[in-house]
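Asker: Just passing along the structure, written as structure tokens.
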Amino acid sequence: MRITDVFFIQLQGRGTVVTGHLDGEGLLRVGDVVVHSGRAHRIRGIEIFHKMLREAHDGMNLGLILGPEVPPRGFEGHMVSFRRG
């Protein structure tokens, strides 16, 4: 997944949210792990157009909620990979 934008949202303790287009990864679920720059971060939520989902499929534009402990720097314009949680 190529990251198009990164947000840090303090409201409701969401933390870092990365947005992008899911392409070629197949099925992605809450609890799966995002690997970026050698660090693994568990997906706490998936959001599409202000709607929370438990899973996402190829072709979707989405936001991944990674949590407040994940620093927002360094994600912009990069690719991330996934592994099952």
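Asker: In terms of modelled amide H atoms, which long-range or inter-chain residues lie less than 5 Å from the amide H of HIS36?
Answerer: Here the answer is HIS41, since their amide H atoms fall under 5 Å of that of HIS36.
Asker: Of the listed peptides 43-52, 61-70, 25-34, what is their order by residue-averaged count of other C-beta atoms within 10 Å, with the highest listed first? Each step should come with its number before you reach the end.
Answerer: Values: 43-52: 13.5, 61-70: 18.3, 25-34: 15.4.
Packing proxy ranking, top to bottom: 61-70, 25-34, 43-52.
Asker: Which percent, nearest 5, of DSSP beta bridges in the range 2-83 are antiparallel? Provide the component values of the computation, followed by the final result.
Answerer: Numbers: 29 of 30 bridges.
Around 95 percent antiparallel, to the nearest 5.
Asker: Output wanted: per-residue J couplings in Hz (rounded whole) for the range 22-29, from phi through Karplus 6.51 cos²θ - 1.76 cosθ + 1.60, θ = phi - 60°, x for Gly and Pro.
Answerer: Values, residue by residue: 7, 9, x, 8, x, 8, 10, 10 Hz.
Asker: Please tell me the relative contact order of the chain in percent, rounded to the nearest whole number, where contacts are Cα pairs under 8 Å and at least six residues apart.
Answerer: 40
Asker: Residue by residue through the range 31-40, what is 3J(HN,Hα) from phi via Karplus (6.51 cos²θ - 1.76 cosθ + 1.60, θ = phi - 60°)? Round to whole Hz and write x for glycine and proline.
Answerer: Listing the rounded values in order: x, 5, 10, 8, 10, 9, 6, x, 10, 9 Hz.
Asker: Compute the length gained on full extension between MET60 and SER81: take 0.36 nm times their separation in residues and subtract their Cα-Cα distance, giving the result in nm to one decimal.
Answerer: Details: separation 21, 0.36 × 21 = 7.56 nm, distance 1.56 nm.
Full extension of this stretch gives 6.0 nm more.
Asker: Can you sort SER37, SER81 so the residue with the fewest Cβ neighbours within 10 Å comes first? Write down the numbers at each step before the final one.
Answerer: Numbers: SER37 8, SER81 11.
Starting with the residue having the fewest Cβ neighbours, the order is SER37, SER81.
Only the coordinates and a few stated rules stand behind these numbers; no lab work does. This one's a predicted model, so the numbers in the text were calculated from it and none came from an experiment. A quick note on method: Cβ atoms are made from the backbone with ideal geometry, for glycine too, and the neighbour counts reach across all protein chains shown.
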